[in-house]
C-alpha cells in the first residue's frame, strides 16, 4: 500500500515541476524589471584552459565581434607548463605559478589566483572599481543577448542558461537534460537567491562579489579532512558561498552555447566529475546546511523518482500494484504534462525541432543520464579534474 502511494506520487510529480517552472518565470520577470542604475566601466572576460588554444581564440573572436557598449578585456588563465602560452589571442595571459598554493586545485585554483590578481589591480587602480567579470569555460560561448542582460539587470551574479550545440545524436540527447535543469530548477531557485546548481560555463560576477568572495573552503567549513582541497564543482561552491554572504542572484534565460561530450565515455567522465564533486561538497559540509539539503534533494530525488516510476510501471503492468481508478486519468494527464513541459523547455532553448524530438525521446534521454550518473558513481571519486575532448 505504501509503495503504491509512492509510485503514484512519482507519476504525479510533473504537476509539481510545472508549478515550479511557472513560479520561476514569475520571479525571473520580477528581477528582470530591477535595472542597473550605474553601468560598469569594464568587462573582464576570462577563460581558464589546459591547452585548448583554438577554442579559446575562437570564443574571444566571437565575443569581441559583439561590439559591446562597454570596454572588453580578455583574459586566458593557463598553467606554467602550457606549451602554447604564446599562441593565445588574449589581452592578458595569466600564468598560474606552480608555487602558488591555496585550498583549491585545478580550475578553481586558477580562478582564485586570477581573483587575487584583480584584488591587487584594483588597489593599484589598474582596473576600475565598477567592473563585471564574465567567466566561461573553454567549451562555452556566451551570447551577446546574455552579456547585454548582465549589463541591464541589477544583480550581483547572473547565471546563463545552457544551450547545447548539436554535434552528434547521442551527445545531443544526453545534454537535453541540462536545458531541462536550467528551465525547471535554476530558473526558480537561483531567482529566489537559494541556488541549487551553478554553471561555470556562463557566469557574470560583479566587482563587489569578485573582490569579497574567494574560493577558500575554510571560510565555509571546518569539517573537511586535513589536506583536502576543492577539486570539482567550484562553480556550485562559489555561487552558494556568494548567496550565503547575501549577494543577489539572477538566472537569465539568455543562452550560453556549450559543447556536449562527443562520446558516451566522455559523458561518463563529465557526470562522474560532477556527481563526485557534489558528493564531496555534501560529505565535508562545504556549504551551509540549507544549501546541502536543496542540493541533495535536487540530485537524488530526481534519480529516485526515475527508478521508482520505472519500476512502478513494470509492477503496474504485472498487476502487482494497484492505482485507484480515480487517479488513473490524472497519471495520463501527468505524463502529457511531463512531455509537454520538456518539449517546451528544450524547444525554447534549442528550437522547436529539438523540442519535439526532445519530448518524444524523453525516456531515452532520462535513461541515458541515469546510466552515466550511475556508472560515474560506481567508478568512484576521480580525485582529479578529468578533461574530456571538446569541439565547437
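The values are calculated or read from the model by the stated rules, or taken from the named source; none is laboratory data. Small disclaimer: the values here were computed from a predicted structure and weren't measured. For neighbour counting, all protein chains shown are included, and Cβ atoms are generated from backbone atoms with ideal geometry for every residue, glycine included.
For every residue, the table says whether it meets (1) closer than 30 Å to residue 191 by Cβ; (2) without any contact (Cβ under 8 Å) to a residue 40 or more places away in the chain; (3) in contact with a strand residue (DSSP E or B) (Cβ under 7 Å, 6 or more places away or on another chain); (4) surrounded by fewer than 18 Cβ atoms within 10 Å (Cβ to Cβ).
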| site | (1), (2), (3), (4) |
| --- | --- |
| 38 | yes, no, no, yes |
| 46 | yes, no, yes, no |
| 53 | no, yes, no, no |
| 61 | no, yes, no, yes |
| 67 | yes, yes, no, yes |
| 70 | yes, no, yes, yes |
| 86 | no, yes, no, yes |
| 101 | no, yes, no, yes |
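Within the stretch 374-392, how many residues turn out to be at pLDDT 90 or above and crowded, with 19+ Cβ neighbours inside 10 Å?
Qualifying residue count, the stretch 374-392: 1.
Of everything in the stretch 171-199 that's touching a helix residue (DSSP H, G or I) at 6+ places or on another chain (Cβ under 6 Å) and at pLDDT below 85, which residue is surrounded by the most Cβ atoms within 10 Å (Cβ to Cβ)?
Once the filter is applied, the top-ranked residue is 174.
Among all residue pairs at least 6 apart or on different chains, which show Cβ distances below 6 Å where the first residue, located in the stretch 235-247, is surrounded by 22 or more Cβ atoms within 10 Å (Cβ to Cβ) and the second is at pLDDT 95 or above and in a helix (DSSP H, G or I)?
Qualifying pairs under 6 Å: 242/209.
Residues that are under 12 Å from the mean Cα position of the chain (by Cα) and closer than 30 Å to residue 357 by Cβ, at least 3 per element: which helices (runs of 4 or more DSSP H) completely within the stretch 158-252 meet that? Talk me through it step by step, then tell me what you get.
Details: elements: 169-174, 176-181, 207-212, 234-244.
In the stretch 158-252, 176-181 are the helices (runs of 4 or more DSSP H) which contain 3 or more residues that are under 12 Å from the mean Cα position of the chain (by Cα) and closer than 30 Å to residue 357 by Cβ.
What's the number of the condition residue 292 fails, among (1) surrounded by 17 or more Cβ atoms within 10 Å (Cβ to Cβ); (2) farther than 20 Å from residue 205 by Cβ; (3) touching a helix residue (DSSP H, G or I) at 6+ places or on another chain (Cβ under 9 Å); (4) in contact (Cβ under 8 Å) with a residue 12 or more places away in the chain?
The number of the failed condition is (4).
Just checking, does the stretch 74-81 include any residue being part of a loop (DSSP other than H, G, I, E, B) and closer than 20 Å to residue 40 by Cβ? Walk me through it before giving the result.
First pass over the stretch 74-81, keeping only residues part of a loop (DSSP other than H, G, I, E, B): 80-81.
Now restrict to residues that are closer than 20 Å to residue 40 by Cβ: none.
No, there is no match, as no residue in the stretch 74-81 is part of a loop (DSSP other than H, G, I, E, B) and closer than 20 Å to residue 40 by Cβ.
Please give the number of the condition residue 14 fails out of (1) touching a strand residue (DSSP E or B) at 6+ places or on another chain (Cβ under 9 Å); (2) at negative phi.
Failed condition: (1).
Do you know which residues across the stretch 117-136 are surrounded by 24 or more Cβ atoms within 10 Å (Cβ to Cβ) and assigned to a loop (DSSP other than H, G, I, E, B)?
Within the stretch 117-136, 136 is the sole residue that qualifies.
List, please: which pairs have Cβ atoms under 6 Å, are six or more places apart or on different chains, and start with a residue in the stretch 144-165 that is farther than 20 Å from residue 236 by Cα and end with one that is in a strand (DSSP E or B) and modelled with pLDDT of 95 or more?
Here the result reads 153/250, each pair linking the stretch 144-165 to a residue that is in a strand (DSSP E or B) and modelled with pLDDT of 95 or more.
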